[in-house]
Amino acid sequence: MRLSGLAGVTQVILMSVTSLRRDYVTRPIFQWAKGAMPSLSPTERDAIEAGDVWWDAELFTGNPDWAVLLNTPPARLSAEEQAFLDGPVNDFCAMLDDWKINWELRDLPPEAWAFLKEKRFFGMIIPKKYGGLGFSNFAHSEVIRKISTRSVVAAVTAMVPNSLGPGELMVRFGTTAQQDYWLPRLADGREIPAFGLTSPEAGSDAASMIDHGVVIRGEDGELAIRLNWRKRYITLGPVCTVLGLAFKLFDPDHLLGGQEEIGITCALVPTHFEGVEIGRRHLPSMQVFQNGPNSGHDVVIPMDHVIGGVARVGQGWKMLMAALAAGRGISLPSQSASAAAYCALTTGAYARVRQQFNTPIAKFEGIQERLARIAGNAYLLDAARRLTCAALDQGHHPSVISALMKRGATERMRVVVDDAMDVHAGKAVIDGPRNYMGSVYRSVPVGITVEGANILTRSLMIFGQGAIRSHPYLLKEILALGDANRERGLDAFDQQLWKHVVHTLQTTLRAAGRSWTGGILSPVPDAGRATPFYARMGQYSAAFALTSDVAFLTIGGALKRMEMLSGRLGDILSELYFLSAALKRFEDEGRQDADFPLLDYVMKTGFKAIEQSFDETFANLPNRVAGLLLKAAILPIGIVARAPSDRTIRQCADLITEPCATRDRLVEGVYVGGKDEAVGNLIEAFDQVIATQPIHNRLRKLHVRDWRTAEKKGLLTPSEVEALKAADKAIAEVIAVDDFAPDELTRHDASATQQSVAAEPEKAQSMAAALDEASEPQPNIEPQPAAVLH
């Protein structure tokens with residue numbers, strides 16, 4: 001009884017202390033924070049709450065649990081998925097000629113379209129019970145990666161039906177009747193889907209679209225929607241048979257029984273319906289995948305064409321954000337990783353084959369710098385792609401990781417492709433069937449722009465939304481501040497605030513201790529040669545967590561408008577994720593000693609970038625005292641991270657210019673083609689140069705530089721002479737470029753093209769007038785930045 005009474009007294013005392021703390025300490029902070037911390041609009045809340053968190057949340061704690069990362073099962077293909085990759089995917093690649101597709105046919109050949117439908121490429125993500133392939137996210141990624149190494153146009157065509165669009169939305173949100181009808185037709189290609197989100201008035205700010213629908217009674221008395229829209233940049237739009245459409249829905253007559261302004265809604269519109277206009281095409285960076293505008297004027301669809309039915313009206317934005325949380329982490333990162341692997345294969349081989357001053361250009365140190373960066377990024381991009389797919393296949397939908405993956409992967413792709421172009425020089429500049437780089441180079445801006453333009457993704461989404469979503473306490477505090485019940489909100493805020501305070505104090509000690517000791521105090525797994533890298537990662541994670549807290553404390557809600565600061569913090573988070581992926585790959589592949597130069601290269605490059613971003617952040621914090629204190633704690637003697645050594649750079653360059661197991665791992669899955677094709681011919685020449693190198697080495701020791709002289713002196717056997725002749729012939733074919741007769745470069749339909757383009761402004765003005773005339777009062781939906789261009 002005495003113990004019971006003591007416990008009761010203790011409880012009363014604790015409750016009194018908590019009440020006093022809440023009323024006299026927390027309440028003033030609560031009042032201040034309501035004005036200082038960022039509030040969430042409904043669209044922002046939908047975007048932030050889309051998907052879930054995973055390794056990004058660990059990084060935000062400042063003390064990541066490496067077991068969470070290292071115990072994640074690596075992404076694997078099933079036997080069925082591997083057979084599809086080895087069979088139909090290879091067969092599809094073999095029927096493609098990228099030069100003819102882009103410059104002659106301006107489309108995939110008919111047999112390629114038929115093959116895509118027959119083998120159900122458009123149904124990779126659709127469950128088997130509906131006739132789809134039911135593949136894993138990793139299999140989806142692997143298929144797109146391999147096709148991308150053959151033809152970007154073909155890859156985009158296969159990718160889009162499996163990315164954000166009617167298929168995924170129907171799988172996740174469709175009614176049973178909708179799934180039973182539409183999914184089998186999408187899986188077998190009877191229906192070609194596209195999704196219309198971007199409009200001329202609203203690019204990244206999708207919530208500003210003026211496309212709208214009005215709930216009406218149809219001629220049969222059933223509920224229907226009358227639609228008016230104008231979209232652009234819609235991939236597969238010119239050839240789609242069913243259009244997924246995002247629009248703002250209004251119910252002026254309250255036929256649904258609710259409010260007049262319902263909000264963004266997604267519906268399926270069969271393109272044969274009266275009033276739908278499709279068929280015209282855009283030409284995105286001379287990549288001829290089907291992409292174009294479409295519009296609709298007074299198009300009437302049944303209410304049951306709303307994806308998910310009446311229960312899902314007004315939920316379109318939430319549905320899109322949820323779907324994007326996964327899709328953005330697969331398609332474009334897969335293309336980026338494929339471009340890096342493709343550049344590693346072709347540029348490494350070309351640098352070995354091409355000689356200047358009787359020396360392979362692969363031995364010039366200026367070239368080696370570019371080759372090393374290509375090899376390092378190829379290693380890093382595929383590591384991040386595999387890790388992200390592994391998380392997705394474990395059931396996660398990490399929206400922040402998907403956003404940073406899309407932006408980080410496509411930006412690294414740009415660097416890799418630029419480096420490859422520089423090494424190839426004139427070979428890659430002169431277009432023609434022999435140029436295997438031109439199409440890849442022209443496609444880069446497309447990846448940078450679509451599915452959330454990179455500038456806005458970096459400056460507004462990765463940290464701006466990521467910090468709120470992934471921080472252990474911040475989102476809960478913001479929701480408490482926005483609670484309509486003030487006292488309930490105060491109670492919730494009080495609980496989270498003091499946990500946050502303890503967290504910040506712990507993080508401060510971690511960040512300072514680890515930074516001042518070079519990461520020695522960081523807990524690390526036993527990872528062999530890679531162990532020191534984990535220590536530095538723990539150091540930077542703690543520093544990032546502390547900097548994030550200080551930024552929010554001193555800047556508050558204004559931080560989301562300070563895009564340069566937000567961008568730098570997003571860069572740190574992105575680097576931490578990509579470097580985590582590199583460590584995970586090194587571990588999963590058995591800590592291959594031969595691969596360690598690549599790991600060393602990417603880790604040291606990343607560490608230097610992280611410290612540079614920290615330094616710039618501290619220098620630009622509005623609160624100078626906070627900036628100086630952070631610098632003293634985290635960079636006490638300034639930037640100390642060093643770039644990779646020259647020795648490491650030479651090692652990385654050699655890894656893609658000489659045959660080895662590491663090179664095989666880097667370029668695995670790249671489609672090469674036959675010896676009569678450009679890439680196949682390059683690899684054949686590379687193999688012959690490698691095979692004849694011992695002969696050249698022997699002649700060099702004899703001080704004979706020209707094998708023809710050696711032949712005359714009787715220093716070569718007949719078989720050696722034949723091998724050297726074949727190698728020289730193959731090299732000559734590799735370094736050759738195309739030329740054309742003037743009439744081959746003249747298009748005879750130019751006048752017709754100019755006439756059709758000239759007519760387009762009138763058509764656009766007419767459509768705009770129709771939209772304005774039919775427009776209902778617009779809802780007050782606050783714009784959500786950095787959405788998706790699809």
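The values are calculated or read from the model by the stated rules, or taken from the named source; none is laboratory data. This structure is a prediction, so every number in the text was calculated from the model and none was measured. Positions of Cβ are generated from backbone atoms using ideal geometry, with glycine treated the same way; all protein chains shown enter the neighbour counts. These accessible areas exclude ligands, DNA and RNA; they are computed on the full protein's heavy atoms, side chains included. Shrake-Rupley method; radii C 1.70, N 1.55, O 1.52, S 1.80 Å.
For the chain, the membrane-span-like helices by this rule, meaning whole DSSP H stretches whose C-alpha atoms cover at least 27 Å of axis and whose Kyte-Doolittle mean is 0.0 or above, are 2-21, 331-353, 365-393, 399-424, 531-555, 563-588; this says nothing about an actual membrane.
Relative to a virtual label point 7 Å from the Cα of LEU223 in the Cα→beta-carbon direction, which members of the range 284-328 show backbone nitrogen distances below 11 Å? Counting backbone N atoms under 11 Å from the label point, the list is 303-306, 309-314. Counted by Cβ distance under 13 Å from ILE634, the other residues give a net charge of 0, where Lys and Arg count +1 and Asp and Glu count -1. The order of the peptides 352-364, 53-65 by mean Cβ neighbours within 10 Å, most packed first, is 53-65, 352-364. Are there trypsin sites (Lys or Arg not before Pro) in the range 547-589 that DSSP marks as loop and that have at most 10 other Cβ atoms within 10 Å, and which are they? Qualifying residues, ordered by number: none. Report the residues of the range 653-676 in range of a label on GLN592: point 7 Å along Cα→C-beta, backbone N strictly under 17 Å from it. In the range 653-676, the label zone of GLN592 (backbone N under 17 Å from the point 7 Å along Cα→Cβ) covers 653-671. Using the Cβ-Cβ distance between GLN259 and TRP498 with R0 set to 41 Å, the FRET efficiency from 1/(1 + (r/R0)^6) comes to roughly 0.55.
Note that the chain shows a convex hull volume over its alpha carbon atoms of 206 Å³ per residue. What is the set of long-range amide H partners of LEU96 at a cut-off below 5 Å, with H atoms built 1.01 Å from backbone N? For LEU96, no residues qualify.
Site pair TRP32 and ASP298 shows an inter-label distance of 6.1 nm when each label is modelled 7 Å from Cα along Cα→Cβ. The string of couplings for the range 241-252 from the Karplus curve (6.51, -1.76, 1.60, θ = phi - 60°) is 9, 9, 10, x, 10, 9, 8, 8, 9, 10, 9, x Hz, one whole number per residue in order, with x for Gly and Pro. In this calculation the C-beta distance from ASP687 to ILE637 is compared with R0 = 51 Å, giving a FRET efficiency of 0.50. Between ALA558 and LYS675, the modelled labels are 7.0 nm apart [label points 7 Å from Cα along Cα→Cβ]. For the peptides 600-607, 529-536, the ranking by packing is 600-607, 529-536, with the highest mean count of neighbouring Cβ atoms within 10 Å listed first.
Pairs of Cα atoms in the range 676-733 fall into 5 Å distance bins, from 0 up to the last occupied one, in shares of 4, 20, 28, 22, 14, 7, 4, 1 percent.
By per-residue mean of other Cβ atoms within 10 Å, what is the highest-first order of 327-339, 241-253, 474-486?
Numbers: 327-339: 28.3, 241-253: 22.5, 474-486: 16.3.
Averaged packing, sorted descending, gives the order 327-339, 241-253, 474-486.
Across the chain, C-alpha contacts under 8 Å between residues 6 or more apart give a mean separation that, scaled by the residue count, equals a relative contact order of 18 percent. Taking a sphere under 11 Å around the Cβ of ALA710 and counting the other residues whose Cβ falls inside, with K and R at +1 and D and E at -1, yields a net charge of +3.
Could you pull out the GluC sites (Glu not before Pro) across the range 201-260 that fall in loop regions by DSSP (anything but H, G, I, E, B) with no more than 11 other Cβ atoms inside 10 Å? Could the numbers behind the result be given before it?
Values: sites: GLU201, GLU219, GLU222, GLU260; in loops: GLU201, GLU219, GLU222, GLU260.
Answer by residue number: GLU219, GLU222.
Residue-wise HN-Hα couplings along the range 262-275, as the Karplus relation 6.51 cos²θ - 1.76 cosθ + 1.60 with θ = phi - 60° gives them from phi, are 8, x, 5, 9, 10, 9, 9, 10, x, 6, 8, 5, 4, x Hz; Gly and Pro carry x.
The spacing between the range 276-316 and the range 619-670, judged by their C-alpha centroids, is 44 Å.
Structure note, pairs LYS427/LYS729; LYS499/LYS584; LYS34/LYS499; LYS100/LYS363: Cα-Cα distances above 26 angstrom occur for LYS499/LYS584; LYS100/LYS363. Extension gain for ASP743-GLN394 works out to 120.0 nm (0.36 nm per residue, less the C-alpha to C-alpha distance).
Counting Lys and Arg as +1 and Asp and Glu as -1, what is the net charge of the other residues whose Cβ lies under 11 Å from the Cβ of ALA340? Present the calculation step by step, with values, prior to reporting the outcome.
Working: positive: ARG145, ARG373, ARG385, ARG412, ARG414; negative: ASP382, ASP419.
Local charge sum for ALA340: +3.
When a 1.4 Å probe is rolled over the protein heavy atoms, the share of accessible surface on the chain that falls to carbon and sulfur comes to 55 percent. Given q = 0.15, 0.18, 0.25 Å⁻¹, what are the Debye log10 I(q)/I(0) values for the range 205-261, with equal point scatterers placed on the Cα positions and solvent ignored? Those come out to -0.55, -0.74, -1.05, one per q.
Could you work out how much longer the chain between ASP646 and LYS713 gets when fully extended? Use 0.36 nm per residue separation minus the Cα distance between them, nm to one decimal.
Values: separation 67, 0.36 × 67 = 24.12 nm, distance 4.05 nm.
That works out to 20.1 nm of additional length.
From the alpha carbon centroid of the range 102-157 to that of the range 433-491 is 28 Å. Quick check on the range 414-559: take the gyration tensor over C-alpha atoms, sort the square-rooted eigenvalues as a ≥ b ≥ c, and tell me if it's rounded (a/c under 1.5), prolate or oblate. Because a/c hits 1.5 or more and a/b fails to exceed b/c, the range 414-559 counts as oblate.
A straight line joining the Cα centroids of the range 328-368 and the range 373-401 runs 21 Å.
Between ILE520 and LYS100, the contour length at 0.36 nm per residue exceeds the Cα-Cα span by 145.5 nm. Each label was represented as a point 7 Å from its Cα along the Cα-to-Cβ direction; for ALA67 and ASP491 these points are 3.5 nm apart.
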